[in-house]
Amino acid sequence: MSSSPGEGRGSSPVGADLSYTTQASTGPDELEAGPVIRASRFPRWLLVLAGLLTLALAVGGAGYAAYRMNAAKPQVVITAEPSRTPWKMVPPLSVDDYSRDANSADTPSANPTTKKSTIAATYARGGQNTVVLLMSRPETDPKEFMTDMGMNAVIATDNGYCGTSIDTNRDACAIVRDRTAIMIVDLVGLNRTDLMKLTNRFADTMAP
């Protein structure tokens, strides 16, 4: 029995197996791997732009988060303390047992060169002139002030300085309060301890 060529090729088991093997069989890697897609290269300027945008978004987000955190915190308002109004540089009429002549001048004199105002007054106790009050403004350093006033051997004493006048050889003590130098000059032989206490007493009376 004869067969046509087409029928022989179609019915041959060997031919069918070979045809199936060459066309459909793949290895394990080929079965698991997906289709390969080759992406075209992005332009360099586009990559740079994307990086800049990412950085800007990150910085902006951090700034916004910091703003929200600060806004949630209670705000502390710092109010500057008002400057203290200088007390009038006028010698008091009396301090404890010491008193001055009410008719004596009590207006400070201004020095156009140093731009400082000064005033002095003599105080008596028991009818005897005992001390002289001398004030100067503005001053910041009592030691420097005493040196300017012609005091020698100036040394620190309590919260001020004491020294001896070069001209009269009399002791004096001074302190600075509210940028005002306050000096008490001895006329009767007070010791420096009492002289410094009296200096602070005058200062407390004028600038409590």
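Tell me, what is the 1.4 Å probe accessible area of D101, in Å² to the nearest 10?
90
For A156 and W87, compute 0.36 nm times the residue count separating them, minus their Cα-Cα distance, and round to one decimal in nm.
Residue separation times 0.36 nm, minus the Cα-Cα distance, leaves 22.3 nm.
Under a 1.4 Å probe, what is the accessible area of region 101-148 per residue, stated in Å²?
That works out to 59 Å² per residue.
In nanometres, what is the gap between the two model label sites at T107 and I166, each 7 Å from Cα along Cα-to-Cβ?
Going by the 7 Å Cα→Cβ label model, 3.2 nm.
What's the carbon and sulfur percent of region 75-208's accessible surface, probe 1.4 angstrom, rounded to a whole number?
Answer for region 75-208: carbon and sulfur cover 49 percent of the accessible area.
Tell me, what is the 1.4 Å probe accessible area of D148, in Å² to the nearest 10?
90
Would you check the accessible area of D106, probe 1.4 Å, heavy atoms only, in square angstrom rounded to 10?
The value for D106 is about 60 Å².
Could you work out the percent of alpha carbon pairs in region 137-197 separated by over 20 Å, rounded to a whole number?
Cα-Cα pairs in region 137-197 separated by more than 20 Å: 15 percent.
Name the residues whose placed amide hydrogens come within less than 5 Å of the amide hydrogen of T130, ignoring near sequence neighbours (fewer than 5 apart) on the same chain.
Y123, A124, R125
The values are calculated or read from the model by the stated rules, or taken from the named source; none is laboratory data. In this text, all values refer to a predicted model and were calculated from it rather than measured experimentally. Here the Cβ is made from the backbone with ideal geometry for all residues, glycine too, and neighbour counts use every protein chain on show. Surface areas here come from the heavy atoms of the whole protein model, side chains and all, with no ligands, DNA or RNA. Shrake-Rupley method; radii C 1.70, N 1.55, O 1.52, S 1.80 Å.
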